[in-house]
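Each value in this text was obtained by applying a stated rule to the coordinates, not by laboratory testing. Predicted model only: the values in this text are computed from it and were never measured. Note that we place each Cβ from the backbone using ideal geometry, even for glycine, and neighbour counts take in every protein chain shown.
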Amino acid sequence: MADTPTQPLATLIVDDEPLALDRMRAICCQIPAVRIAGTASDGAEALERIDELSPDLVLLDLTMPEIDGLAVARRLAGRADPPAVIFVTAHDNHAVEAFDLDAVDYVLKPVEKERLARAIARVFARRGATGAGAGAGASPWLEELWVPHRSELVRIGVAEVGRIDAERDYVRLHVGSDGDPPARSYLLLQTIAGLEAKLDPDRFIRIHRSIILRRDRIAGLRHDGLGVWSVETIGGEMLRIGRTYLAKVKAMAGR
């Protein structure tokens with residue numbers, strides 16, 4: 001890993017499967033930025049070992065009996081100086097909840113050394129940003145999303161998302177358009193209402209029960225008659241405004 005700091009991260013590995021624990025230990029031994037401080041085989045033991053060892057980083061399995069990884073992370077989130085958490089799991093359907101708990105990354109099994117090294121680089125990047133004073137003024141709104149794509153999770157900055165469509169229990173994130181890199185879309189297991197609550201209302205606005213737009217993608221509003229209004233996007237697309245959301249959209253335009 002490039003620019004590895006001289007002081008490696010004291011790391012606790014938590015997994016209830018012995019073979020997975022051994023594999024993670026072997027991978028960590030190949031990453032100079034990591035010093036294995038200890039291991040734990042369940043959530044309760046993990047909390048005890050964290051109190052005992054005060055690690056810099058916890059590589060945390062998500063699915064464990066009784067106290068699972070999410071429960072451990074919730075308890076850590078209430079502490080004054082919690083360790084960084086990277087979830088390591090075979091399941092991709094808890095990513096949103098994991099990042100609500102301020103996890104640094106979410107790595108899917110089977111873990112590859114290069115993927116874990118990238119996650120650990122993010123720990124150092126976050127520590128550097130906090131040291132520079134970024135933490136004090138951190139935004140309460142969601143700044144990034146991690147979505148399943150092929151065999152891993154892809155990080156998407158919220159600022160890259162131009163439009164969000166509801167698709168049953170999922171949302172489709174439309175990323176890149178109007179001069180940005182080629183447009184692409186990703187499905188995320190999350191309701192549109194749940195995601196809306198996490199987005200900065202100064203940057204995003206819901207115009208329909210199934211559509212959220214980034215405000216700077218809106219070029220204008222058009223009255224189609226009989227009380228029906230549409231949004232015109234910068235790309236020239238016309239999207240109908242739902243009656244429930246019309247007052248809010250018109251207020252954005254000072255109407």
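Values for this structure:
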{"item": "In Å, descending, principal axis extents of the Cα set of the chain", "result": "67, 38, 34"}
{"item": "Dipole magnitude (debye, nearest 20) for segment 158-255, charges at Cβ of Lys, Arg, Asp, Glu", "result": "360 debye"}
{"item": "Relative contact order %, segment 9-137, counting alpha carbon pairs below 8 Å whose residues are six or more apart", "result": "21 percent"}
{"item": "Spatial separation of Cα centroids for segment 27-64 and segment 148-176, in angstrom", "result": "31 Å"}
{"item": "Electrostatic dipole magnitude of the chain [Cβ: Lys, Arg +1; Asp, Glu -1; Cα centre; debye, to 20]", "result": "1240 debye"}
{"item": "Segment 86-98 - phi-based ³J(HN,Hα) in whole Hz, Karplus 6.51/-1.76/1.60, Gly and Pro as x", "result": "10, 6, 10, 8, 8, 10, 9, 8, 10, 4, 4, 5, 4"}
{"item": "Neighbourhood net charge (12 Å Cβ-Cβ; Lys/Arg +1, Asp/Glu -1) for residue 166", "result": "+1"}
{"item": "Folded to 0 to 90 degrees: helix 243-252 orientation relative to the chain principal axis, Cα", "result": "90 degrees"}
{"item": "Dipole of the chain [Lys/Arg +1, Asp/Glu -1 at C-beta], most positive-end residue of 213, 88, 193", "result": "213"}
{"item": "Within-12-Å neighbourhood charge of residue 192 [Cβ basis; K, R +1; D, E -1]", "result": "+2"}
{"item": "Relative contact order of segment 188-239, pairs being alpha-carbon contacts under 8 Å that are 6 or more residues apart, as %", "result": "20 percent"}
{"item": "Most mobile listed residue (166, 80, 125) in the chain, GNM with C-alpha springs under 10 Å", "result": "80"}
{"item": "Net lengthening on full extension, residue 223/residue 53 (0.36 nm per residue, minus Cα-Cα)", "result": "54.9 nm"}
{"item": "Integer Hz, Karplus 6.51/-1.76/1.60 couplings in order for segment 222-233, x for Gly and Pro", "result": "10, 8, 8, x, 6, x, 9, 10, 10, 9, 9, 7"}
{"item": "Taking the chain and dividing mean pair separation by its residue count, relative contact order in percent (alpha carbons under 8 Å, at least six apart)", "result": "10 percent"}
{"item": "Shape category assigned to segment 12-64 from the gyration tensor of Cα positions, a/c cut at 1.5", "result": "oblate"}
{"item": "Charge dipole magnitude, Cβ of K and R +1, D and E -1 - segment 9-137, Cα centre, debye nearest 20", "result": "640 debye"}
